[in-house]
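Okay, structure first, notes after.
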Amino acid sequence: MTSLKTALPLVAAMSLAAPAWSQTDPSDWEAVTAAAEGQTVYWHAWGGSTATNDFIAWIGDKVAEEHGVTLEHVKLSDTGDAVTRVLSEKQAGADEDGAVDLIWINGPNFAAMKEAELLFGPFAEALPNWQYVDVDGKTVQTDFTVSTDGYEAPWAMAQVVFMHDTADLEAPLPSAESILEWAQANPGRFTYPQPPDFLGTTFLKQTLIELTDDNEILSKPESEADFQAVTAPLWDYLDALTPVLWRQGQAYPSTGPAQLQLMADEEIDLAISFSPGEASTAIANNQLQPSVRTFVLEDGTLGNASFVAIPYNSGSKEGAMVVANALMSPEAQLRAQDPDILGYGTVLSMEKLPEADRAAFEALDLGVATLSPAELGTVQPEPHPSWMTRIGQEWIERYGVVQ
């Protein structure tokens, strides 16, 4: 099978391929739901979190009961595996009834598939629950600076927070520089997931945003910038940080959940998360100590939306649209934001919701470790997806280790 490393350039090279097509007009919801009944949707989604897997199973029960759609969660460790699968089918001429019906996607994978016209759509903004989406206050129509144009539907908001055990690290740290100073004073008590893990690469991007003097350059493809000059402060920072990381930077947790387990085992006192409610959920599940809290940096932290997209050759496009619409429903969004369930941020606008749904959100206890929307402060936009790919590759060359 073609690896992701080689798949993305090949996807880009196929940008002149025939456009995607539709069996059913997404705006004709009655026709969509009629065609969806009896379909099976294979949702290729990250499967590394029990809480997330349980939520996806709940969505499956919901669409089965309401629309007769069967949802199968194909658990991934790397979204690139699903991208590669669709690309391989395209190369083989398998343009109908492909293996992938829905992908949890964003960033470079979305940009590459959209450019190569390997996605079905546009569909997202025609779905009934789009009327509740916060298009003015949240980054739901761009994905790492790339316009979504209705080819992917948002279902969760994420923002970087840092989890700290107040028993050992009482006060929040205001900047990347202060994190380095604290780590040097407390060697072995901080780490981050190993890139190219998504959360590990997020730490690199967050730190680069903190250290660069020109964030505007990060909104453009890295090929248009002097990569070495822009990223030099990041590598200087990591050169200083790595020796004082957990296990002296000779090993890293492979994933976010593995990093969380280190905190649960009290091996580290500081960890990064892309879910403001993750710490509260872990405390509620007795996974983390009750003394854990979260903070953001003074200049703000990175934020983005999680999306789902439908490959051009799905044989269950209508069922996939039903699932995407269910994910944006007030009921599902409220459940996803509940820290006892998932603790994800909502993509919906409270002002657009019916009064009963708005009241339900207002009554939701976000948990002892979750910052309020005001406390989360400024959301820093994602860099262009090419930066994520390049700094991940550069990190592996400089600091990569074998687990």
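The values are calculated or read from the model by the stated rules, or taken from the named source; none is laboratory data. A quick note: this is a predicted structure, and the numbers were derived from the prediction, not measured. A quick note on method: Cβ atoms are made from the backbone with ideal geometry, for glycine too, and the neighbour counts reach across all protein chains shown. For the accessible areas, the whole protein counts, side chains as well, though only heavy atoms, and no ligand, DNA or RNA atoms are used. Shrake-Rupley method; radii C 1.70, N 1.55, O 1.52, S 1.80 Å.
Entry remark, region 339-362: residues being more than 18 Å from the chain's Cα centre (by Cα) and part of a loop (DSSP other than H, G, I, E, B) number 4 in total. For residue 252, the conditions (1) surrounded by 14 or more Cβ atoms within 10 Å (Cβ to Cβ); (2) at pLDDT below 95; (3) in a loop (DSSP other than H, G, I, E, B) all hold with the exception of (2).
In region 213-237, how many residues are touching a residue at least 12 places away in the same chain (Cβ under 8 Å) and among the acidic types (Asp, Glu)? The total comes to 2. The set of residues from region 369-392 being touching a residue at least 40 places away in the same chain (Cβ under 8 Å) and surrounded by fewer than 15 Cβ atoms within 10 Å (Cβ to Cβ) comprises 375, 378. Taken over region 210-227, residues that are outside any helix (DSSP H, G or I), within 22 Å of residue 175 (Cβ to Cβ) and under 24 Å from the mean Cα position of the chain (by Cα) amount to 1. Listed by first and then second residue, the pairs with beta-carbon distance under 6 Å, at least 6 apart or on different chains, first residue in region 247-265 and more than 15 Å from residue 287 (Cβ to Cβ), second open to solvent by 80 Å² or more (accessible area, probe 1.4 Å) and in a loop (DSSP other than H, G, I, E, B), are 254/403. Residues in region 28-67 that are open to solvent by 10 Å² or more (accessible area, probe 1.4 Å), in contact with an Asp or Glu (Cβ under 9 Å, 6 or more places away or on another chain), within 15 Å of residue 317 (Cα to Cα) and not in a helix (DSSP H, G or I): 37, 39, 40, 42, 44.
Considering only residues of region 130-155 that are more than 11 Å from residue 348 (Cβ to Cβ) and among the small types (Gly, Ala, Ser), which is most open to solvent (accessible area, probe 1.4 Å)? This residue is 147. Scan region 228-245 for residues that are more than 27 Å from the chain's Cα centre (by Cα) and under 15 Å from residue 205 (Cβ atoms) and the total you get is 0. Scanning region 10-27 for residues that are at pLDDT below 50 and either charged (D, E, K, R) or over 10 Å from residue 318 (Cβ atoms) (or both) gives 10, 11, 12, 13, 14, 15, 16, 17, 18, 19, 20, 21. Going through 266, 224 one at a time, which residue ends up being surrounded by fewer than 21 Cβ atoms within 10 Å (Cβ to Cβ) and in contact with a strand residue (DSSP E or B) (Cβ under 8 Å, 6 or more places away or on another chain)? Of the residues listed, the single one that is surrounded by fewer than 21 Cβ atoms within 10 Å (Cβ to Cβ) and in contact with a strand residue (DSSP E or B) (Cβ under 8 Å, 6 or more places away or on another chain) is 266.
Scanning region 305-317 for residues that are of a type outside the set (Ser, Thr, Tyr) and more than 30 Å from residue 275 (Cα to Cα) gives 313, 315. Of all residues in region 93-112, those that are closer than 15 Å to residue 46 by Cβ have Cβ atoms under 6 Å from Cβ atoms of residues that are open to solvent by 20 Å² or more (accessible area, probe 1.4 Å) and assigned to a loop (DSSP other than H, G, I, E, B), 6 or more apart or on another chain, in 105/79; 109/79.
Looking across 373, 330, one residue alone is over 30 Å from residue 223 (Cβ atoms), modelled with pLDDT under 90 and not β-branched (Val, Ile, Thr). It is 373.
Taken over region 80-92, residues that are β-branched (Val, Ile, Thr) and without any contact (Cβ under 8 Å) to a residue 60 or more places away in the chain amount to 0.
For region 204-212, the condition holds for at least one residue, the condition being that it is touching a Pro at 6+ places or on another chain (Cβ under 9 Å), free of Cβ contacts under 8 Å to residues at least 40 places away in the same chain and more than 30 Å from residue 368 (Cβ to Cβ).
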